[in-house]
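Single-structure report; data block below.
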Amino acid sequence: HWTLLSVSLLNCLLSTACSVGLALAIALTVHSRGMHLVRGCDSSMLPADARAAIATNDCPFNTTRIYDTALALWFPSMVLAATEAVLSGRCCLVALIFRGIGPCARSYGKEQV
């Protein structure tokens, strides 16, 4: 029970931190219109909007679809990390009930679990 409690609590904290970090990355990317994604490019020819940027010789990567691709990958990752945090929190609650700690530990909830 103690192993379940410690592992689920650690996973809950890490998943929460991951989802908060992804939400911050999404917010910064949308706010700057993707210019943080092409910061490594030193070209003054890049437009103000990263969605309209094209690959130049000054940039070490192709910038044509970086904005859309990053957001398309970050949104599902954030949702999955938040779901993992919720499920880990529920596992932590189950471990607390098994140990007899918490508000519903003495009730019939322990038999239901």
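The values are calculated or read from the model by the stated rules, or taken from the named source; none is laboratory data. In this text, all values refer to a predicted model and were calculated from it rather than measured experimentally. All Cβ positions, glycine included, derive from the backbone under ideal geometry; neighbour counts span all protein chains shown. We work out accessible area using only protein heavy atoms, side chains counted, and drop any ligands, DNA or RNA first. Shrake-Rupley method; radii C 1.70, N 1.55, O 1.52, S 1.80 Å.
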Legend entry - Residue list for segment 1-22, restricted to those being touching a residue at least 24 places away in the same chain (Cβ under 8 Å) and open to solvent by less than 40 Å² (accessible area, probe 1.4 Å): LEU5, SER8, CYS12, SER15, SER19, LEU22
Inset, instruction - Sort out which residues of segment 78-92 are more than 12 Å from ASN11 (Cα to Cα) and surrounded by fewer than 17 Cβ atoms within 10 Å (Cβ to Cβ), and write them in order of number. - result: VAL79, LEU80
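Of all residues in segment 1-19, how many are among the β-branched types (Val, Ile, Thr) and more than 19 Å from TRP74 (Cα to Cα)? Walk me through it before giving the result.
Step one: list which residues in segment 1-19 are among the β-branched types (Val, Ile, Thr), which gives 3, 7, 16.
After this cut, where a residue has to be more than 19 Å from TRP74 (Cα to Cα) as well, the list is 3, 7.
Adding up the residues that qualify gives 2.
Can you confirm whether CYS41 is modelled with pLDDT under 90, surrounded by 12 or more Cβ atoms within 10 Å (Cβ to Cβ) and assigned to a loop (DSSP other than H, G, I, E, B)?
Working: modelled with pLDDT under 90: yes; surrounded by 12 or more Cβ atoms within 10 Å (Cβ to Cβ): yes; assigned to a loop (DSSP other than H, G, I, E, B): yes.
Against the criterion (modelled with pLDDT under 90, surrounded by 12 or more Cβ atoms within 10 Å (Cβ to Cβ) and assigned to a loop (DSSP other than H, G, I, E, B)), CYS41 qualifies.
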Inset, instruction - Report, by residue number, each residue of segment 23-38 that is open to solvent by 70 Å² or more (accessible area, probe 1.4 Å) and not in a helix (DSSP H, G or I). - result: ARG33, HIS36
Legend entry - Test result for CYS12, over 30 Å from LEU93 (Cβ atoms) and modelled with pLDDT of 65 or more: no
Legend entry - Any pair with Cβ under 7 angstrom, 6 or more apart, that starts in segment 90-101 at a residue that is assigned to a helix (DSSP H, G or I) and ends at one that is of a type in the set (A, V, I, L, M) and open to solvent by 60 Å² or more (accessible area, probe 1.4 Å): CYS91/LEU4; CYS92/LEU9; VAL94/VAL113; ALA95/LEU4; ILE97/VAL113
